[in-house]
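Each value in this text was obtained by applying a stated rule to the coordinates, not by laboratory testing. None of these values were measured; they are calculated from a predicted model. Methodologically, a virtual Cβ is constructed for each residue, glycine included, from the backbone with ideal geometry; neighbour enumeration extends over all protein chains shown.
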Amino acid sequence: MEQKNHIHNTEKLLTELDKLHVSMEVPYENGSDEIWEAMQQKMATKEIRIRRIQPARRRLWLTAATVAILMGMVTLLRFYPHTIRTAPGQMVTLTLPDGSTAALNAQSRLTYYPLWWSISPKVTLTGEAFFKGHHSQRFSVKSDRGTVVVLGTSFDIYARSDNYRVVCFTGKVRVTSRTKNQIVLTPGEKAVVSPHGDITFSKEIKTRDYNAWTNHQFVFTAVPLASVLKELARRYNVEIDLKKPVQRANYTGNFSAEIPVEQALNIICKPFGLTFVKTDLRHFVIQ
Amino acid sequence: MTGVEFKQLFDTHFDAIRNYIWYRSGNPELASDVAQETFLKLWEKRPYTDKTKLRGLLFKMAGDIFISAYRKQTTELKFRMNLKPGFENRTPEEELHYRELKEKYEKTLSKMPETQRLVFLMNRMDKMKYREIAEATGIGIKAVEKRMSQALRLLKQEIQN
């Protein structure tokens, strides 16, 4: 046959090969059906593996979400603050969550975390406050220079930039300075903490003088004139300028805080031979 | 992807995928293994792909599995095909002619570069259009045409002489 060995053009070659293709097959051992059967088992194990993974992953997400929400709630409980401020000339008495009371002197700030109170009763104070508690209460009052842990009692804290002073009236309090110096005060004892954290301790003092302010009384015992004037300014919400420097001017005396400011200034200025002028509605200059 | 959908996918594409690897490797057992692995992998991953893209994805996966796991093993290429039953119904002359042609054809396929062989067999045996071949193999239609003509030239040269 001629065509047997000579296929001349491309078209003819392709036709011949296609005829061959029809009657040829790749020598696969297994048909696709058999392979499908063989695959079934492997598919089942993969499916089981997948089914096991997915709920675990979902549980992981659920756990993560729950933890996040819980942490958010704890953070809210922990840091939701309650702050009370008093303006100059203003005094406030408030009740803390445990039922103890705190009298806040003028120009003071007290902060606590009401929702966190049952876990950790803590108060932050700047200014002056007189605390009166029950014996079972054990909260702490933190200020710049130190912390007072209440061992059940009443006490006065003066925590301003010029001084830090704790006076114990009844019960017991523990004062800790920033530098971890510690002292336990019993009634009639006073601790003053210096800016460096040193604690000065005094015994048998007249405690009543230290919370006289809660009864609208001024009691000064050898207090520097500058401090006396500052206290006056805070309580009357006025400004007082001391224009004339006074040597060793410590003031001792007591008078009501309910008298007019002019009268109070008069009482203080007299012993030092000073006079004052009212320059403005709320402004006094001492010469 | 449900089991039924997967079975449908398997029935539609398994042969093409297996042939694809066979065209590249000339090894029927290897082609079966790679194709099976490809489908198992698809079942395991179950990608949320557009269904129209699944075929292309299967070719891509099969090619990757073939290259990463089996490429180095391939030693000698032998393209042996079986003649289907019923072939004997032809005349003895015809039968002889086709047996000779088959032998030459198989030899030429073994010699042919992989890229040309792949394109040629996909077109002639699986009846895939140039566009489909281009999509499956990730080359351009122009490249498919070029490889086809190169393959034909080689076949002509080898079979005629």
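Each principal axis of the Cα cloud of chain B was evaluated for its coordinate range; sorted largest first, these ranges are 54, 36, 31 Å. Listed by chain and number, the aspartates and glutamates placed with their C-alpha closer than 20 angstrom to that of B:LYS142 are B:GLU114, B:ASP126, B:GLU132; residues fewer than eight positions away on the same chain are left out. Annotation for the range A:225-258: trypsin sites (Lys or Arg not before Pro) lying in DSSP loop with at most 13 further Cβ atoms inside 10 Å of their Cβ are A:LYS243, A:ARG248. The 3J(HN,Hα) values that the Karplus relation (6.51, -1.76, 1.60; θ = phi - 60°) gives for the range A:199-213 are, in residue order, 10, 9, 10, 10, 10, 6, 9, 7, 4, 4, 4, 8, 10, 4, 4 Hz. Gly and Pro appear as x.
Work out the charge dipole of the range A:101-192 with +1 on the Cβ of Lys and Arg and -1 on the Cβ of Asp and Glu about the Cα centre, then indicate which of A:CYS168, A:THR101, A:VAL184 is farthest towards its positive end. Of A:CYS168, A:THR101, A:VAL184, it is A:VAL184.
The relative contact order of the range A:133-287 comes to 14 percent, based on Cα pairs under 8 Å that sit 6 or more residues apart. Here is the size of the range A:173-242 from its Cα atoms: Rg then Dmax, 14.6, 39 Å. Given an 8 Å cut-off on Cα distances and at least 6 residues of separation, report the relative contact order of the range A:86-198 as a percent. Dividing the mean separation by the residue count of the range A:86-198 yields 17 percent.
About the centre of its Cα atoms, chain B shows a dipole size close to 560 debye [charges on the beta carbon of Lys, Arg (+1) and Asp, Glu (-1) only; nearest 20 debye]. Here A:THR45 and B:THR2 are evaluated by their C-beta separation; at R0 = 25 Å the FRET efficiency comes out at 0.90. For the range A:162-212, the spread of Cα coordinates along the three principal axes comes to 28, 23, 14 Å, biggest extent given first.
Can you give me the orientation-averaged projected area of the convex hull built on the Cα atoms of the range A:72-202, in nm²?
Values: hull surface 31.2 nm².
Average of the hull's projected areas for the range A:72-202 equals 7.8 nm².
Ordering A:VAL67, B:GLY63, A:ALA264 by the projection of their Cα atoms onto the charge dipole of the protein assembly as shown, which places +1 on the Cβ of Lys and Arg and -1 on the Cβ of Asp and Glu, puts A:ALA264 at the extreme positive end. Full extension of the chain between A:THR170 and A:THR15 yields a length gain of 44.2 nm, computed as 0.36 nm times the residue separation minus the alpha carbon distance. Computed from backbone phi with θ = phi - 60° and the Karplus coefficients 6.51, -1.76 and 1.60, the 3J(HN,Hα) list for the range A:228-237 is 4, 5, 4, 4, 4, 4, 5, 6, 9, 6 Hz; x is used for glycine and proline.
Ratio of alpha-carbon Rg to the 2.2 N^0.38 Å globular estimate for chain A, to two decimals, please. Compactness ratio reported: 2.23. The calculated FRET efficiency for A:SER161 paired with A:GLN217, based on their beta-carbon distance and R0 = 22 Å, is about 0.35.
Taking only DSSP H segments of four or more residues, each worth -39500 (n - 2.57), what value at 222 nm results for chain A once the sum is divided by all its residues, to the nearest 500 deg cm²/dmol?
The helix contribution divided over chain A gives -10500 deg cm²/dmol.
Using R₀ = 30 Å, calculate the FRET efficiency as 1/(1 + (r/R₀)^6) where r is the Cβ-Cβ separation of A:GLU239 and A:LEU94; round to 0.05.
Numbers: r = 28 Å, r/R0 = 0.92.
Step by step, r from the Cβ atoms, then E = 0.65.
A Cβ-based charge dipole, computed about the Cα centre of the protein assembly as shown with Lys and Arg at +1 and Asp and Glu at -1, lands at about 1840 debye. Among the chymotrypsin sites (Phe, Trp or Tyr not before Pro) found in the range B:37-121, those both in a DSSP coil and sparsely packed, with 12 or fewer other Cβ atoms within 10 Å of their Cβ, are B:TYR48.
The residue among B:LEU109, B:ALA35, B:TYR48 whose Cα reaches farthest toward the positive pole of the charge dipole of the range B:15-109, with charges on the beta-carbon of Lys, Arg, Asp and Glu, is B:TYR48. Mean silhouette area of the range A:183-287, derived from the convex hull of its C-alpha atoms and averaged over all directions, reads 7.8 nm².
For a straight C-alpha distance cut-off of 24 angstrom, the lysines reachable from A:LYS244 (same-chain residues fewer than eight places away being disregarded) are A:LYS230, A:LYS270, A:LYS278.
With Cα atoms as the point set, the range A:53-119 shows a radius of gyration and Dmax of 20.0, 68 Å. Normalised by the number of residues in the range B:2-101, the average gap of Cα pairs under 8 Å and 6 or more apart makes the relative contact order 28 percent. Here's the picture: a label point sits 7 Å out from the Cα of A:GLU37 along the beta-carbon direction, and within the range B:1-25 nothing has its amide nitrogen under 16 Å of it. The string of couplings for the range A:23-34 from the Karplus curve (6.51, -1.76, 1.60, θ = phi - 60°) is 9, 10, 8, 6, x, 6, 6, 10, x, 5, 5, 5 Hz, one whole number per residue in order, with x for Gly and Pro. Lys-Lys pairs in the range B:1-121 that are eight or more residues apart or on separate chains and whose Cα atoms lie under 26 Å of each other come to 26.
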